[in-house]
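A.B. asks: Got a structure for you, questions after.
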Amino acid sequence: MFYLYHHNDLSRLAELFGALRRNRPAPPLARDTVLAPNAGIGRWLRIQLAESEGIAANIDGRLPGEFIWELLHAVIDDADAGDHFEADCLPWHLYVALPAMAQEISAIADYLGDPVDEVRRYQLARQLADVFDQYLVYRADMLARWESGETPGHNPGRWQAEVWRWLTRDERLGTRHRARVLTEFIQRLATDRALQRRVVEQCPDPLYCFGLVALAPDHLRLLYALAEHIDVHFLLPNPSEAYWGDITAGRLPLELPDADAGDSAALLPGEALVEAGHPLLSALGRMARDTVRVLYSDEFAGMIEPELGDLMAYDAPGDDSLLHRIQTDIVHLDCSHAAQGIADGDTSFEVHACHSPLREIQVLQDQLLDRLAADDKRVAAGDIEPQHRLAPRDIIVMLPDVSAYAPAIEAVFGGAPPDRYLPFGLADRARSAAHPIVTCVSALLDLPLSRWQASTLLDLLAVPAVMRRFGLSAGELDAITDWVGEAGIRWGRDARHRDELGAGAFEQNSWRFGLDRLLLGVAQSDDETLTAGVAPWADLEGGITAALGKLWRFEHTLADTADALAQSATPGEWQTRLNTLLDALIEPAADAPDEQRAVDSLRNVFARFETAERCTQTRPLAADRRISWPAVRDMLRATLESAAERQPFLAGGITFCGMVPLRAVPFRMVCVLGMNDDAFPRQDTARAFNVMFDAPRLGDRNIRDDDRLLFLQALTAARNTFYISYIGQDMHSGENLPPSPIVGETLEFVHRTYFRDHSAKAFRHQLVHEQPMQPFSPRYFTPNETDPRVFTFAGDWRDATRAAISPRAARTPLLDNSTAPVREPLEAIDLESLKRFFDHPPRAFFRERVKLNLEIDDHRLDDAEPIALDPLAAAHLRQRLFDSADVGELNAIDLEPTALERARGTLPPPPLADVNYADQAEAVNTLLPIWQTWKAQGTPTTVDIDLAIAGMRVTGRVPQLWPDALRRLRTGKLKTRFRLRYWIDYLAVVAAGHDVSLEMAGFAPKKKTLEVAHYAGQIDQQTAETTLADLIAIYNAGQCQPLAYHPDLDDEYDPAQNKAFDNVSFRFKPDAYFPHHLIRDPYFLRLLGDDDAPLGESADNSVFIQAIEAISGPMNAALQSVEPGP
C-alpha cells in the first residue's frame, strides 16, 4: 500500500520514521531502504535517529533515480540497454557521434563548423546530454512521438528531434532508454505476474521515501505502482496543513496543460486559490505544490493517509515573534488577519545589508556571538535550562556560491582569537578549492595552450607536492628562481613552440634557450666563448648546481605531459594518461593525509573515463572513439569546479554550506548569505536550449524554481531565527543595491501583510540593518547608534576607530634626536667601506648599526621578453662592449650585434636588436677616443694607501693612477654616487703625497641622451687631508644617527637653479605628479619630514641640503666640466 504522511516539521517526520521502523514486522537487524532527495538529508535523518534512539544503523540511504534504475535492472532483462542514456555515458556518445550527425543534420554542421571546432563539439554534446536527460525524466511522451517520426515546427525542438531519432536507431543506441523502460514497467506491473514476483523478491519491503518534495511525476507513478505489491511509506514535508489547491482538501483530477501551450496558458487548477490563500507559497512553492497536486490526483486514489490524530497534527509555532507569525500563517494558509508590527527586541527575522562578502562574514560573526552570549546570560539567570541554550551546532549558514565566501570564512572564523572562536565546518566546496594539489592539476590541464611563462612554471614547481616529487628544497627553489631570470628565460618552450603561438620561430628567451645556457655554464666557465651557438651563464658553482638537473627534469616532464595531452585518445587511454601525469608530478607526503585525499579525489575524477570507455566501446557510434584534449579539459574543469560527493555536511559546529535544493533541514538559526540581486536565484543558462520551457508541465523542475523552493524551506525550517544578508551597499559610491528578487518579494510580502501601517522607509528601518563598510566604523563604538543591531565584539578595532575620529596629530617620527650607543672608537677604516657608506648612508645605519633590513627580497620573474633595453641591461652591455674594445685595442665597435651578445638573450629579438645594440655601441664609441688618449700617456699603476687621518688609519688600494692624474672612465652616467667614489679615491691618493689631478669621463648625469661628460680638478695635499678628515667625521656621526643624505638627492638639487629647493622638495610631496624615486626607498623615507615640508621649510634650515653641502660641496667646487680632449 502507498501510505502518505505529511507535516510541516521535518523533525516530526523523522520521529515518525523511527516509529515506523520500530513497528515493522521484520528482524531487528534488517536493513531499511530510505529514498532521500540528497545525501545531506540522509545524513541529517541518521543524526536525528541516533540522537533519539541512541544509534542509527542498517539504513540504506538511496537517491530515487539511482534506486529506480537499479530496480529496473534487477527485474527487467534488457534494462541495461538504457545505461547508454545515463549522464556519464550519453555526453561521450554524442561527442563521438556529432561529426557523423553533421553530415545528415544541417543545424549540427552549421554549429560545429568546418573543420570541427572541438570546444563547440564538446559543449554541444554536454548541453544535448543535459536536456535529453531531463526529457527522459519529464517528457517520455514527447520522446516517443519524436521516435515515431513527429517533428516540432520550430527550433530547438525541430533539430533536437532529428538528433534524437539519429541516436535511437536500432543499429545505434536503440529505443530501450530509461523513459521507455520505466513507462513499460509501470504498464506491465499491473498484469505481468512473473514481473510482480521478481519485484517482490528484489524490492525492499517496506520502502521509505523521506523528504521527496519535488519528485518527477513518472517516478511518483512508479512508487505508486510498487505500492500494489509492497508497502511504500511516503513522508512528505508540507508547509501547510491545508490542501494547496482546494482549502476544503477535495480531490482534483490531474490535469496537464496542453503541450503546445506557452507561458501564458491558463492557471493550473487551484492556483488562484493558492495565491489567495498565501502569496508567499504561490511565489516560492510551485514545485512542492505540484508534488502535492500529483499525490492528490485521481491517479493516486488508492493512496492511504493513516489517521494518526494529534501525533502528526501540524505544529503552528505561535505568534510570539515575527518569524513564528509568518510560519504560523503559512501552516494555516491564511495571512488575512495578521497581527501588525514587531515587538521591541524581536530579532527572529532580520536582514543585513553589507558592502562585501568579507563584511557579511564579519557581521555574521558578531551577530552569532551576540545571540550565543544572550543565551548564556539567560542560563545564568535561570530563565532557560543549559541544554536549551543556542549552540554553534544549532546554526546553519547557506550560501549560493561557497567558493566566493570560503576565504572570508576561513579568515574570520578560522582566524578568530580564543575569546571569539566558534567551531565551524565548511561543506560544498569545489574540488579545485579543496587543496593546492587539485588547483595545480587543474592548471596543468591548460599545458597544451600554455605560453610556458617562467613565472607560471615556477609557481607550479613551488607547490610542496611537486617540489617533493623532484626532490627540491626551499633554498634550491630560490636559487632556481634567480637562475631562470639571469639566464634570460621568459616564455615559450623553444622556437617551434613560439612559432606555433604566432610569435616567430626564434629560440631566444625560451626555456630551451635558458636551460642550454645554464647547463653549458656548469661545464664551461668562460662566458665569453660561444659553444654551438650557446652563450654559457657561468655563475653556477657549488653543490647547489645539482638543483639545475632537477629543474631540467621538471621542465622535461612538463613538456612530455603537454605533448601527451595534445594528442586525442580513447577514454581508457585518457584515464591512464591522466594518472601517469599525477604520478609524474605529484608526490603526497606520507604524514599529510589531506594531500593523499586530494590525490585520491583526483583519481576518482579520472575514473569517470572508465564508464565512457565501456559505453563507447560497447556501442560505438563512430569508428573514431577518440576524445580530444579540449573536451577532456572542459569535462575535468567542470567536474573539479563542482562539489565532491563526500563533504563534511553537519560535521559539528556552525555548518557553512551551499544552497543545495531540497536540503533545508530544521535548525534553531538559519542564515542565508549572498542574497544579491545577480546571485540568487541562480540562472538557468540552457533555458533557450530546452524545449520544456516552451510548454511547462506539472512537476517540471528548473534551477530558479529549485532556489525559490529552497528559500521557502529555509524560512519554514528556522526554529527561532531567520537571518538574511546581502551586498546591499556599493563599496565605492555607497548607494543602495537591491537584494535578490526572492528576498525583495519576501520583504514586500512582509511589509504588506505585517507592517501595513508602516511607510516603506519605516519598514526598512525595522527589518533591514545597514552595516558600516569598515569594521572600525565609529558607529560600532558610539553610544548614540540608533540601530541596535549595529555592534561588534571585535574590540581590537577600537584603536583604529579612535584614530579615525580623533583630531589629526603630527606623525611621531621614527627618528628623533637620540643617538645609537657609541661603539668602540674605530682605529682604522678601509676606503671601500667609506665609499660604500656614502653610497647610501641611511641604509648603512639601519642595516649595520640597527641590524634592520627594510627591503623585501623580490623573486618575481619577468615573463615578457625584452623589446627594448632597460637601463640596467644597457649599462651592462656598454661595459661589455668597452671591455672587449679595450682588450682588442679597437678604435671603434661594429654597430652590428655580435653572435655572443645575441646568444646572451639580453637584446630584443630581431629586428629590434640591431637598433638597440647600435645605440649603445655608438655611445661607447664616443668614449673610446678619451680612453685611448689616456692610455697613450703612459701605463697606470695601483697604489697602496696607508694614512693617518684625524687619528684614524685609512687603508686601501687605488687603481688607474697615471703620473699626472687619477683617471676614471664610466660607461654610464656620471651621477653623484660614482663621482663621490672617485673623489674619495682621489682624496686618499693626494693625501698620500701624490701631486696629481682628477679626471673622469662618462655620460652627462642630467641628460636624457648619452652625451659625453668630462670633469677635471685638482687640490693640494693639505686640502685633501682636511676634506678626507671631514668625510671620516661624517662617517663616524652616521654610525650614531642616520645621515640625511643620498647621492641621488644631490643630482636633483641644483643651487644655481631658480627655486631649486622648492622644485626638489615638491617631488617628495604626496601630490607630486612625478614623485622622486627616493620616496619609495624604505630607508630614506624614514628621514623625511611632514608632507607639507618633507625636506624642511627652506634650504637654509634643511638638514638634507646641509648634508649635500658638507659631503658633495667640496667635490662639486673642485671639479669642473671640461671639453674632452682629442
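The values are calculated or read from the model by the stated rules, or taken from the named source; none is laboratory data. None of these values were measured; they are calculated from a predicted model. When we count neighbours, we look across all protein chains shown, and the Cβ atoms used for this are built from the backbone with ideal geometry, even at glycine.
A.B. asks: Test each condition in (1) under 24 Å from Trp629 (Cα atoms); (2) touching a helix residue (DSSP H, G or I) at 6+ places or on another chain (Cβ under 6 Å); (3) not in a helix (DSSP H, G or I) for Val438 and report the one that comes out false.
C.D. replies: Against the list (1) under 24 Å from Trp629 (Cα atoms); (2) touching a helix residue (DSSP H, G or I) at 6+ places or on another chain (Cβ under 6 Å); (3) not in a helix (DSSP H, G or I), Val438 comes up short only on (3).
A.B. asks: All but one of (1) part of a helix (DSSP H, G or I); (2) more than 22 Å from His556 (Cα to Cα); (3) touching a residue at least 60 places away in the same chain (Cβ under 8 Å) hold for Gly475; state the number of the condition that does not hold.
C.D. replies: (2)
A.B. asks: Evaluate the following for Leu364: is it crowded, with 20+ Cβ neighbours inside 10 Å, part of a helix (DSSP H, G or I) and not assigned by TED's automatic domain parsing to the domain that holds Met773? Step through it out loud before you land on a result.
C.D. replies: On the way: crowded, with 20+ Cβ neighbours inside 10 Å: yes; part of a helix (DSSP H, G or I): yes; not assigned by TED's automatic domain parsing to the domain that holds Met773: no.
Against the criterion (crowded, with 20+ Cβ neighbours inside 10 Å, part of a helix (DSSP H, G or I) and not assigned by TED's automatic domain parsing to the domain that holds Met773), Leu364 does not qualify.
A.B. asks: Does Leu585 satisfy the criteria of being under 23 Å from Val119 (Cα atoms) and within 27 Å of the chain's Cα centre (by Cα)? Explain how you work it out, then say what you get.
C.D. replies: Values: under 23 Å from Val119 (Cα atoms): no; within 27 Å of the chain's Cα centre (by Cα): yes.
Criteria not met by Leu585.
A.B. asks: Looking at the range 520-538 only, could you name the residues that are in contact with a helix residue (DSSP H, G or I) (Cβ under 7 Å, 6 or more places away or on another chain) and within 26 Å of Ala474 (Cα to Cα)?
C.D. replies: Val522, Pro536, Trp537, Ala538
A.B. asks: OK, next. More than 24 Å from Leu826 (Cα to Cα) and charged (D, E, K, R), is that true of Asp1030?
C.D. replies: In short, no.
A.B. asks: Out of the residues in the range 641-665 that are out of contact with any strand residue (DSSP E or B) (no Cβ under 7 Å at 6 or more places or on another chain), within 23 Å of Arg603 (Cα to Cα) and buried (at least 17 other Cβ atoms within 10 Å of the Cβ), state the one that is modelled with the lowest pLDDT.
C.D. replies: Applying the first criterion (out of contact with any strand residue (DSSP E or B) (no Cβ under 7 Å at 6 or more places or on another chain)) to the range 641-665 yields 644-647, 650, 660-665.
Narrowing the set further to residues that are within 23 Å of Arg603 (Cα to Cα) leaves 644-647.
Subsequent filtering for residues that are buried (at least 17 other Cβ atoms within 10 Å of the Cβ) retains 644, 647.
Details: Ala644: 72, Gln647: 61.
Once the filter is applied, the top-ranked residue is Gln647.
A.B. asks: Moving on. How many residues are of a type in the set (D, E, K, R) and over 23 Å from His556 (Cα atoms) when one looks only at the range 510-529?
C.D. replies: Summing the residues that are of a type in the set (D, E, K, R) and over 23 Å from His556 (Cα atoms) in the range 510-529 gives 3.
A.B. asks: Hey, any hits in the range 984-994 for a residue that's under 20 Å from Leu872 (Cα atoms), surrounded by fewer than 17 Cβ atoms within 10 Å (Cβ to Cβ) and over 49 Å from the mean Cα position of the chain (by Cα)?
C.D. replies: Within the range 984-994, none of the residues are under 20 Å from Leu872 (Cα atoms), surrounded by fewer than 17 Cβ atoms within 10 Å (Cβ to Cβ) and over 49 Å from the mean Cα position of the chain (by Cα).
A.B. asks: Among the listed residues Leu980, Leu969, identify the single one that is touching a Phe, Trp or Tyr at 6+ places or on another chain (Cβ under 6 Å) and more than 24 Å from Asp886 (Cα to Cα).
C.D. replies: After applying the criteria, what remains is Leu980.
A.B. asks: Is there a residue being assigned to a helix (DSSP H, G or I), under 36 Å from the mean Cα position of the chain (by Cα) and more than 30 Å from Gly1113 (Cβ to Cβ) anywhere in the range 857-867?
C.D. replies: No; the residues of the range 857-867 include none that is assigned to a helix (DSSP H, G or I), under 36 Å from the mean Cα position of the chain (by Cα) and more than 30 Å from Gly1113 (Cβ to Cβ).
A.B. asks: Continuing with this model, one more query. Looking at the range 699-712, is at least one residue among the basic types (Lys, Arg), in a helix (DSSP H, G or I) and crowded, with 19+ Cβ neighbours inside 10 Å?
C.D. replies: Within the range 699-712, one or more residues are among the basic types (Lys, Arg), in a helix (DSSP H, G or I) and crowded, with 19+ Cβ neighbours inside 10 Å.
A.B. asks: Further, regarding this structure: Here's a check for you: in the range 929-961, which residue that is surrounded by 14 or more Cβ atoms within 10 Å (Cβ to Cβ) and free of Cβ contacts under 8 Å to residues at least 24 places away in the same chain is nearest to the chain's Cα centre (by Cα)?
C.D. replies: Here the answer is Gln960.
A.B. asks: Here's another thing I want to ask about it. Of all residues in the range 670-698, how many are touching a residue at least 12 places away in the same chain (Cβ under 8 Å), in a loop (DSSP other than H, G, I, E, B) and out of contact with any strand residue (DSSP E or B) (no Cβ under 7 Å at 6 or more places or on another chain)?
C.D. replies: Selection size over the range 670-698: 12.
A.B. asks: Do we find that Gly345 is under 42 Å from the mean Cα position of the chain (by Cα) and surrounded by fewer than 16 Cβ atoms within 10 Å (Cβ to Cβ) in this structure?
C.D. replies: So Gly345 passes the test.
A.B. asks: When you look at Thr183, is it in contact with an Asp or Glu (Cβ under 8 Å, 6 or more places away or on another chain), closer than 16 Å to Leu72 by Cβ and of a type outside the set (A, V, I, L, M), yes or no?
C.D. replies: Yes.
A.B. asks: What pairs come up if the first residue lies in the range 1041-1062 and is under 16 Å from Leu834 (Cα atoms), the second is among the aromatic types (Phe, Trp, Tyr) and part of a loop (DSSP other than H, G, I, E, B), and their beta carbons are under 9 Å apart, counting only those six or more places apart or on different chains?
C.D. replies: Pro1042/Tyr1083; His1046/Tyr1083
A.B. asks: Continuing with the same structure: Determine which single condition Phe85 fails, assuming it passes every other condition in (1) within 17 Å of Pro620 (Cα to Cα); (2) of a type in the set (Phe, Trp, Tyr); (3) in the same structural domain as Leu49 (by TED's automatic domain parsing).
C.D. replies: (3)
A.B. asks: Test each condition in (1) touching a Phe, Trp or Tyr at 6+ places or on another chain (Cβ under 7 Å); (2) aliphatic (A, V, I, L, M); (3) not in a helix (DSSP H, G or I) for Val116 and report the one that comes out false.
C.D. replies: Failing condition for Val116: (1).
A.B. asks: Is there any pair linking a residue in the range 150-166 that is among the acidic types (Asp, Glu) to one that is surrounded by 18 or more Cβ atoms within 10 Å (Cβ to Cβ), with Cβ under 9 Å and at least six apart or on different chains, and which?
C.D. replies: Matching pairs, first to second residue: Glu150/Met142; Glu150/Ala161; Glu162/Met101; Glu162/Ile105; Glu162/Ile108; Glu162/Trp146.
A.B. asks: Which one of the conditions (1) more than 49 Å from the chain's Cα centre (by Cα); (2) among the hydroxyl-bearing types (Ser, Thr, Tyr); (3) under 23 Å from Glu1123 (Cα atoms) does Thr971 fail to meet, given that it meets all the rest?
C.D. replies: (1)
A.B. asks: Quick one: Ala81 ticks every box in (1) surrounded by fewer than 20 Cβ atoms within 10 Å (Cβ to Cβ); (2) outside any helix (DSSP H, G or I) bar one, so which box is it?
C.D. replies: (2)
So that you can scan it fast, the table gives a plain yes or no per residue for (1) under 21 Å from Gln617 (Cα atoms); (2) within 38 Å of the chain's Cα centre (by Cα); (3) modelled with pLDDT under 95; (4) of a type in the set (Val, Ile, Thr):
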residue	(1), (2), (3), (4)
Ala81	yes, no, yes, no
Cys89	yes, yes, yes, no
Ala100	yes, no, yes, no
Gln103	no, no, yes, no
Ser106	no, no, yes, no
Val116	no, yes, yes, yes
Val119	no, yes, yes, yes
Gln134	no, yes, yes, no
Arg139	no, no, yes, no
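A.B. asks: Looking at (1) free of Cβ contacts under 8 Å to residues at least 12 places away in the same chain; (2) outside the structural domain of Ala194 (by TED's automatic domain parsing); (3) of a type in the set (Asp, Glu), which one does Glu51 not meet, given that it meets all the others?
C.D. replies: Against the list (1) free of Cβ contacts under 8 Å to residues at least 12 places away in the same chain; (2) outside the structural domain of Ala194 (by TED's automatic domain parsing); (3) of a type in the set (Asp, Glu), Glu51 comes up short only on (2).
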